[in-house]
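K.L.:
Sharing a structure with you now.
The values are calculated or read from the model by the stated rules, or taken from the named source; none is laboratory data. Because the structure is predicted, anything quoted here is derived from the model rather than measured. Every residue, glycine among them, receives a Cβ derived from its backbone with ideal geometry; neighbour counts consider all protein chains shown.
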Amino acid sequence: MIITSAKTFEEILGLLKDEDNIFVIGCNVCAAKLKTGGEPEVLEMCRRLEESGKHVVGWALPTAACSIRSFESLAEKNEKIKEARCILVMGCGSGVSAVASVVDLPIYGSNNTLSLGGSSGGKLLSNQCVMCGDCTISEYGGLCPKSQCPKALLNGPCGGSVDGMCEVNREMNCVWTLIYERLKRINRLDLLYVIHAPKEHGFK
Amino acid sequence: MLFNFREKLNSRKFLVTVEVSPPKGTMFSAPLEDACQLKGVADALNVTDNQCSIMHMSSLAFSKLLLDQGHEPIMQLTCRDRNRIGLQSDLLGAYALGIRNICLMTGDHPACGDHPGSKPVYDLDSVQLIELVRKLDSGIDFAGKRLDGGTSFCAGAVSGIDPENTLQLIKLEKKVRCGADFIQTQAVYDVGMFEEFMEAVNHLEVPVIAGLIPLKSLSMAEYMNKNISGIHVPEEIRLRMKDASSPIEEGLSIASDTIKELTKLSRGVHIMPIGSHKNTPRLLSMAGISGK
């Protein structure tokens, strides 16, 4: 799941200050789960934009904003898109890009895209993966230090953690402490002695 | 007669290294004057690399300024601000300018400093950075290309001193396996704990230079106990600071007692005062260390 957070309505209004006849596109996958672009949020956005003097020509909720077949497929959901002068996408950055690839109108995103995360036991998990394209997560018992350590350290913790908490955010567990505990539970502490080479960061 | 830091490292001499900071700006006369007090006292001067992620003049430039004044610098280099191209490029430049000693570390996160929005690089970590230096030393770069003149660095690394911190001990072991020539540690206040640490790393057979930060107040001791990883200022020392009529003098007296103990346990002492080195020569003389 892509983790997003909604920009403030004031910031969105600022983005749209020279725009009118807006068409709003939500996303019924990640953004819907996170309540940043599902149907209730899209309807609320339309209402508030209208209240602020903007004309909303219509809205649509594709299954996934990041997976759009064509402009026609959007028009099939709501042909009012043909009257739009601009598009507001309530998804992640990938959703905005996918819609932009089929609609030749000014396009805006209502969210900030934070990380690739997930949820477990009802708890939201952020920064689970940075999509480095060179996966070695099994070497760490299934917890990725590249994504969960703010310094992306592959060979062990920095000297900054205090009582198992991260230097950058004392409310956050040092992922290396979590890796240690997990490897201990699965009887693979030997993995801690492996010297890991840096990742290959070529454009992928 | 011993000439340079590497030779001293291989001797039996108890070493004294001290930490100096480049200026925040282009005016370098004041920090050079401060360093001047360390001549004949310190064997080498660690030059910090934007310590605490607070932007300063580069460690490389200030190391060269110190070198020109007849000091022996240990240029600190962190993984925070440069990718593998920048790191290698600076290392080649440093070597060409005469810098022979380096100390390699991860570096505090930018979020902790005065430019919290800057991009954290960490292309390599401190273990990989040691590997990189050893490649440059062998005359090839990190991508395997032959260099027109390689390096020959005396390269150290850093470590905490908590003997119970398995992860940290394993990381230290990796640094030594990658070829670290010496280790400089987090500040020691609890000599008993440091002794246990030394027992735990004895098999690594690497020279360990024990860190020391003279206390200036009780609140400083309490702050470090609470906020700095691996630092433990024992109750006994806190009481000495609490009852002291002059906390600065008491801090020096505690540091001097600690150095005396450390001469039996470590290869040297690394002094990191908060502020100037005004008291460093006196501290070493109190501890019975003659310097060079």
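K.L.:
From the residues in the range B:82-124 that are of a type in the set (Asp, Glu) and within 24 Å of B:ILE140 (Cβ to Cβ), which one is farthest from the other protein chains (Cβ to nearest Cβ)?
P.N.:
B:ASP90
K.L.:
Let me ask another. Given the condition surrounded by 23 or more Cβ atoms within 10 Å (Cβ to Cβ), modelled with pLDDT of 95 or more and more than 7 Å from chain B (Cβ to nearest Cβ), answer yes or no: does some residue in the range A:176-188 qualify?
P.N.:
yes
K.L.:
Another question about this same structure. Please verify whether A:CYS149 is of a type outside the set (Val, Ile, Thr), crowded, with 16+ Cβ neighbours inside 10 Å, within 25 Å of B:LEU104 (Cα to Cα) and without any contact (Cβ under 8 Å) to a residue 24 or more places away in the chain, treating the condition exactly as stated.
P.N.:
Taking the combined requirement at face value, the residue does not satisfy it.
K.L.:
From the list B:LYS8, B:LYS13, B:LYS64, B:LYS39, exactly one residue is within 26 Å of B:SER256 (Cα to Cα), assigned to a helix (DSSP H, G or I) and either touching a Lys or Arg at 6+ places or on another chain (Cβ under 9 Å) or in contact (Cβ under 8 Å) with a residue 24 or more places away in the chain (or both). Which is it?
P.N.:
B:LYS8
K.L.:
So in the range B:144-171, with the set limited to residues that are within 15 Å of the chain's Cα centre (by Cα) and at the interface with chain A (Cβ under 9 Å from one of its Cβ atoms), which one is surrounded by the fewest Cβ atoms within 10 Å (Cβ to Cβ)?
P.N.:
Keep residues of the range B:144-171 that are within 15 Å of the chain's Cα centre (by Cα), which gives B:154-161.
Narrowing the set further to residues that are at the interface with chain A (Cβ under 9 Å from one of its Cβ atoms) leaves B:158-160.
Values: B:VAL158: 22, B:SER159: 27, B:GLY160: 25.
Per the criteria, the residue is B:VAL158.
K.L.:
Something else now. When you go through A:LEU49, A:LEU15 one by one, which is the residue that is of a type outside the set (S, T, N, Q) and surrounded by 18 or more Cβ atoms within 10 Å (Cβ to Cβ)?
P.N.:
A:LEU49
K.L.:
In addition: Mind checking which residues of the range A:179-204 are in a helix (DSSP H, G or I) and of a type in the set (Asp, Glu)?
P.N.:
A:GLU181, A:ASP190
K.L.:
Filter the range B:42-61 down to residues that are more than 15 Å from the chain's Cα centre (by Cα) and assigned to a loop (DSSP other than H, G, I, E, B) and give me whichever is nearest to B:ARG100 (Cα to Cα).
P.N.:
B:SER58
K.L.:
Among the listed residues B:ASP137, B:ASP114, B:ASP141, identify the single one that is on the phi < 0 side of the Ramachandran plot and in contact (Cβ under 8 Å) with a residue 60 or more places away in the chain.
P.N.:
Within the list B:ASP137, B:ASP114, B:ASP141, the selection yields B:ASP114.
K.L.:
Right, next: Being among the polar types (S, T, N, Q) and within 14 Å of another protein chain (Cβ to nearest Cβ) narrows it down to one residue among A:GLN148, A:GLN128; which is it?
P.N.:
Only one candidate qualifies: A:GLN148.
K.L.:
For the range A:151-168, enumerate the residues that are over 26 Å from A:GLU200 (Cβ atoms), assigned to a loop (DSSP other than H, G, I, E, B), facing chain B (nearest Cβ under 8 Å) and of a type outside the set (Asp, Glu).
P.N.:
Within the range A:151-168, A:GLY159, A:GLY160, A:SER161 qualify.
K.L.:
Ok, one more. Can you tell me which residue is modelled with the lowest pLDDT among those in the range B:205-224 that are assigned to a helix (DSSP H, G or I) and touching a Phe, Trp or Tyr at 6+ places or on another chain (Cβ under 9 Å)?
P.N.:
B:MET224
K.L.:
Of the residues that sit in the range B:256-278 and are small (Gly, Ala, Ser) and not in a loop (DSSP other than H, G, I, E, B), which one is surrounded by the most Cβ atoms within 10 Å (Cβ to Cβ)?
P.N.:
Per the criteria, the residue is B:GLY268.
K.L.:
Look at A:VAL102 and say whether it is surrounded by fewer than 21 Cβ atoms within 10 Å (Cβ to Cβ), within 13 Å of chain B (Cβ to nearest Cβ) and out of contact with any Asp or Glu (no Cβ under 6 Å at 6 or more places or on another chain).
P.N.:
Spelling it out, it is not the case that A:VAL102 is surrounded by fewer than 21 Cβ atoms within 10 Å (Cβ to Cβ), within 13 Å of chain B (Cβ to nearest Cβ) and out of contact with any Asp or Glu (no Cβ under 6 Å at 6 or more places or on another chain).
K.L.:
Name every residue in the range B:125-142 that is more than 9 Å from chain A (Cβ to nearest Cβ), of a type in the set (D, E, K, R) and in a helix (DSSP H, G or I), in order of residue number.
P.N.:
B:ARG134, B:LYS135, B:ASP137
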